[in-house]
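Undergrad: One structure is given below, represented as structure tokens, and several questions about it will come after.
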Amino acid sequence: MDNRGNKGLLFTTVFISGFVVMAFEIIGSRVLAPFLGTSTYVWVSIIGVILGAMSAGYYYGGVKADQDVRIQKLGHYLLLSAASICLMNLLKNQFLMLLGGVEIPLIVKAILSSSVLFAAPAFFLAATFPYALKLALRRVEDAGKTAGQFYAVSTLGSILGTFLSATLLIPLAGTNNILWILACFLLGAALLIGYKSQIRLFLAFMLVASNVGFTQYPRSYVDVDSVYNRIWIMDGVAQGRDTRYMSLNGHVNSGMWVDNPIHEQLYPYSDYFRLAMHFQPDFENVLMLGAGGYSFPKLFQSKWPNKQLDVVEIDPLLTSLSREYFAFEDGSNTEIFHMDARAYLMQSDESQYDIIISDVFTSPLEVPFHMCTEEAYTLMESRLKSNGVLILNILGNWEGQHSEFLKSQMQTASHVFDQVLLFEVSDGRKSKMKNNMLLLSNSKAKLSTISDNQEIQNMVANKKLVDYESTHLLTDDYAPANWLLWKGK
């Protein structure tokens with residue numbers, strides 16, 4: 001065997017390595033999402049750890065290439081890269097569930113998780129590059145040209161890995177299958193350059209390990225990936241009744257009673273959206289931003305079949321799954337738009353709606369900052385009719401720990417709306433953060449907090465008086481939403 005290898009095969013190898021490393025980085029967010037969410041903290045941890053591991057891998061691979069430049073060594077590192085991805089895929093859920101029970105800050109969990117799961121594959125993938133470069137280098141005079149060619153080819157592979165992962169692999173294959181595919185690409189690269197020793201042993205080991213790994217971790221009722229979310233749907237039991245839950249990126253987003261999926265809300269906060277109808281009883285049309293499992297749209301169709309509801313949900317797969325698993329049916333009074341909430345508001349007509357319902361702040365792990373700024377509130381206000389109301393479901397506390405984000409939202413909204421009311425959702429659960437309904441209006445008439453309907457009156461009775469004057473005003477230029485959400489007192 002030519003220990004220096006064919007240059008074309010070496011180009012192919014670095015192209016595959018470049019493809020895999022970027023695809024692996026993107027899929028890494030899907031690995032952590034069900035347990036840690038997809039906040040900025042998670043992303044910076046993944047990127048930082050992988051870059052650090054690659055830096056060490058480049059250095060290590062370069063040193064070893066100077067000591068022993070044989071193509072068999074390149075195959076050795078490709079095999080180690082594949083093996084580490086496979087082992088990570090088998091053990092990731094057990095490790096993340098174990099770490100989930102530890103009370104440490106999210107950023108620490110994200111760094112630990114990324115280090116344990118992603119550092120080894122990134123290290124070995126990076127180590128292949130200097131080996132391939134040294135094998136291809138025939139003359140010192142060609143060093144610059146050869147290095148430039150290899151960096152170009154590797155980067156092209158990374159570009160393809162980036163776009164192909166987001167547009168094709170994630171929607172079609174799912175997280176677990178993609179990781180197997182990436183490992184197979186690396187094994188194929190090892191075979192391509194003629195590295196066959198120990199691969200049979202490796203494949204036999206992985207077959208046994210895969211059986212162990214799969215039996216250790218029970219599958220969810222549904223576990224799928226969309227372009228936007230890692231989605232789990234699970235059945236359960238609460239108060240002796242069958243339930244069903246939808247989890248998005250590690251946080252339970254929606255749920256329903258299986259025996260009464262429409263009229264009775266598993267999570268009381270959905271009922272609190274009816275406060276908007278109390279404050280604007282003569283409404284004709286409603287816009288809902290964010291639908292998740294379509295809990296409130298189902299209730300709306302039942303209670304107000306002659307009123308128009310426009311639903312903006314960014315993820316088409318959530319709509320499909322809600323039809324299949326959560327008893328949602330398309331109604332003649334309901335129109336669905338699959339796009340980002342703020343993009344929809346930008347494109348819609350002004351002064352169009354009597355009521356706007358925002359349910360995009362659904363996870364304690366991540367906040368869509370572009371929907372909680374002064375500019376966003378101004379945009380939503382412009383889409384309301386003169387006496388219209390805006391109601392938002394916002395996670396947080398109105399006093400004490402984890403209250404800064406909610407107060408900042410009240411402060412920001414007060415720069416756009418004259419009337420700012422806050423209602424805490426009373427659901428009997430003990431948790432670090434509560435659901436709250438922030439109700440806003442520029443109506444000239446003072447909003448009445450008295451209702452003849454006892455259910456509504458009970459909700460109105462949870463009105464809270466909050467001092468928010470000294471908190472942050474969020475703008476498109478300055479919106480540290482996640483930091484404020486988890487900030488202490």
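What follows is calculated from the coordinates using simple rules that are stated; it is not laboratory data. What you are looking at is a predicted structure, and each value in this text was computed from that prediction instead of being measured. Cβ placement follows ideal geometry from the backbone for every residue including glycine, while neighbour counts extend to all protein chains displayed.
Undergrad: Between helix 404-414 and the chain, what is the angle of the helix's C-alpha long axis to the longest principal axis, kept within 0 to 90° and rounded to the nearest 10?
TA: Relative to the chain, helix 404-414 is tipped by roughly 50 degrees.
Undergrad: At 4 °C and 1.567 mPa s, grab the translational diffusion coefficient of segment 7-218 from Stokes-Einstein with a Kirkwood Rh over Cα pairs, rounded to a whole number in µm² per second.
TA: Taking Rh from Cα pairs, D becomes 74 µm²/s.
Undergrad: Rounding to the nearest 10 and keeping the result within 0 to 90°, find how far the Cα-based axis of helix 71-100 lies from the longest principal axis of the chain.
TA: 30
Undergrad: What ranking of Cys372, Cys184 emerges when the number of other C-beta atoms within 10 Å of each C-beta is taken as an exposure proxy, fewest first?
TA: With the sparsest Cβ surroundings first, the list reads Cys184, Cys372.
Undergrad: 222 nm [θ] for the chain, helices only, -39500 (n - 2.57) per DSSP H run of 4+, per residue, to 500?
TA: For the chain, the value works out to -16500 deg cm²/dmol.
Undergrad: Using the alpha-carbon centroid of each, what span in Å lies between segment 230-265 and segment 451-477?
TA: 27
Undergrad: In a shell of Cβ-Cβ distance under 11 Å around Ser351, excluding Ser351 itself, what net charge do Lys and Arg (+1) and Asp and Glu (-1) give?
TA: -2
Undergrad: Could you tell me how many degrees, from 0 to 90 and to the nearest 10, lie between the Cα long axis of helix 7-36 and the main elongation axis, the longest principal axis, of the Cα atoms of the chain?
TA: 30
Undergrad: Here's something else I'd like to know. Just to check I understand the Karplus step: with θ = phi - 60° and J = 6.51 cos²θ - 1.76 cosθ + 1.60, what whole-Hz values come out for segment 115-120, glycine and proline as x?
TA: Along segment 115-120, the couplings run 5, 5, 8, 10, 5, 5 Hz.
Undergrad: Quick one: if you take sqrt(5λ) for each eigenvalue of the C-alpha gyration tensor of segment 253-328, what semi-axes come out, biggest first, whole angstrom?
TA: They are 20, 15, 11 Å, listed largest first.
Undergrad: What order, most packed first, do the peptides 69-77, 472-480 have when packing is the mean number of other Cβ atoms within 10 Å of each residue?
TA: In decreasing order of mean packing, 69-77, 472-480 become 69-77, 472-480.
Undergrad: Would you pull out the residues with amide H under 5 Å of Ser226's amide H, same chain only if 5 or more places away, H placed 1.01 Å from N?
TA: Placed amide hydrogens put Ile231 under 5 Å from Ser226.
Undergrad: What is the projected area of the convex hull of the Cα atoms of the chain, averaged over all directions, in nm²?
TA: Projected over every direction and averaged, the Cα hull of the chain covers 26.0 nm².
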